[in-house]
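Worksheet: the structure to be examined is printed underneath.
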Amino acid sequence: MNGNMNNSKKSKVESRKSMWVVLFALIIVGFGARLLPHPANFAPIGALALFGGLYLPRRWSILVPCAAMLLSDAVIGFYNWKIMIAVYASFIIMGLIGLAVRKNKKFATILGGTLLGSIIFLVLTNAAVWMFGTMYSHNISGLIQSYTMALPFFKNSLLGDLFYAGIFVGTMETLLYYQKNKITQSTYGKTTL
């Protein structure tokens, strides 16, 4: 009995260590990918936010992408705080979309969540650029111009979200599949595919 308790404690400690390694690695990936040369808006933060909602413990699902953004913004440079709030809010919403999709995780819901998150990012951030920036006139034609000029960036943002979500989710689902098979194999003495 005491041996089982020690194994249980050891397993919990190893699980916590693994979780910290995963969280740290995700922050480093988000941070590093924003610093490396890449097409404008082709970055992993939106996909990281969605992934966090899908797989991470709830308390970390929003903090991980925000930490990656904050660290990379500290290096790249901060900008208009009102626009920054819209950017961070967009990623928080993407994390919340991931939390909602978690309950019904399928290819279609993950794809739909990724698309919805990209669209929300476009709508919120460009409204903020129009409202709080100086690039566009503060009337309806300026708002339309803001969204028109954002379309090439939206294309990159959408492609980046799809690309990175595919990598993050695909990797996690593959690991979960093999972990499940390993458990099945050790339980029954053979792999059942």
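The values are calculated or read from the model by the stated rules, or taken from the named source; none is laboratory data. Keep in mind that this is a model prediction, so the values were computed, not measured. We place every Cβ from the backbone using ideal geometry, glycine too, and count neighbours over all the protein chains shown.
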Restricting to the range 25-41, count the residues that are farther than 27 Å from Asn104 by Cα and surrounded by fewer than 20 Cβ atoms within 10 Å (Cβ to Cβ).
10
For Ser15, which of the numbered conditions (1) at pLDDT below 85; (2) hydroxyl-bearing (Ser, Thr, Tyr); (3) not in a helix (DSSP H, G or I) fails to hold?
(3)
Out of the helices (runs of 4 or more DSSP H) lying entirely within the range 40-95, which hold 3 or more residues that are touching a helix residue (DSSP H, G or I) at 6+ places or on another chain (Cβ under 6 Å)?
45-55, 63-76
Looking at the range 134-156, which of the residues that are free of Cβ contacts under 8 Å to residues at least 12 places away in the same chain and small (Gly, Ala, Ser) is surrounded by the most Cβ atoms within 10 Å (Cβ to Cβ)?
Ser137
